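Here the structure is laid out as structure tokens; the discussion comes afterwards.
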Amino acid sequence: MKTIHTNDAPAAVGPYSQAIQAGNTLYLSGQIAINPAEGKIVAATIEEQAEQCCRNIEAVLAAAGTDMNAVVKTTCFLADIADFKAFNEVYARHFVSKPARSCVAVKDLPAGALCEVEALAVLE
């Protein structure tokens, strides 16, 4: 196993890694909209937070030597299911390969986030 870390994505806020590579599979931890330069969530809307989540995932993938096209599965968490449509509009711009996905509403997310996205990618 290999730990993946980049300063271009938020540091882990707990006892976990940004991503772990096991063989040719990359397991990305959930990303909330923490701006890595600020160390906190600065985006207010679901669209802005979804955008930051996707940018954070892109940074972790880049650190592993790959990109969004390698993602085969995502799990998305929304603090409010009413944000589903707006979230999808941002998500679709980043995940153009349309990986398999689950999307659920949850009671709360860390740091008051509106969304969180985790991903599974296959490396070549």
(request) Determine which single condition Ile20 fails, assuming it passes every other condition in (1) buried (at least 17 other Cβ atoms within 10 Å of the Cβ); (2) of a type in the set (A, V, I, L, M); (3) within 20 Å of Leu120 (Cα to Cα). (result) (1)
(message) Under 9 Å between Cβ atoms, which residue pairs at least 6 apart in sequence (or on different chains) link something in the range 1-28 that is without any contact (Cβ under 8 Å) to a residue 12 or more places away in the chain with a partner that is not charged (D, E, K, R)?
(response) Gly14/Pro110; Gly23/Met1; Gly23/Leu123
(request) Within the range 29-54, work out how many residues are out of contact with any helix residue (DSSP H, G or I) (no Cβ under 7 Å at 6 or more places or on another chain), within 15 Å of His94 (Cβ to Cβ) and in contact (Cβ under 8 Å) with a residue 24 or more places away in the chain. (result) 2
(request) Taking Ala37 as the residue in question, decide whether it is part of a helix (DSSP H, G or I) and either buried (at least 19 other Cβ atoms within 10 Å of the Cβ) or out of contact with any strand residue (DSSP E or B) (no Cβ under 6 Å at 6 or more places or on another chain) (or both). (result) no
(request) Could you tell me which numbered condition Thr3 fails, if it satisfies all but one of (1) surrounded by fewer than 15 Cβ atoms within 10 Å (Cβ to Cβ); (2) more than 14 Å from the chain's Cα centre (by Cα); (3) not in a strand (DSSP E or B)? (result) (3)
(request) Kindly indicate which of Glu124, Glu89, Glu118 is among the charged types (D, E, K, R), touching a residue at least 60 places away in the same chain (Cβ under 8 Å) and over 13 Å from Gln31 (Cβ atoms). (result) Glu124
(request) Only residues that are touching a strand residue (DSSP E or B) at 6+ places or on another chain (Cβ under 9 Å) and more than 22 Å from Thr45 (Cβ to Cβ): list them for the range 95-113, please. (result) Ser97, Pro99, Ala100, Ser102
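Values quoted throughout were computed directly from the atomic coordinates according to the rules given, and no laboratory measurement underlies them. No experiment lies behind these values; they were computed from the predicted model shown. Don't worry about glycine lacking a Cβ; one is built from the backbone with ideal geometry, like all the others, and counts go over all protein chains shown.
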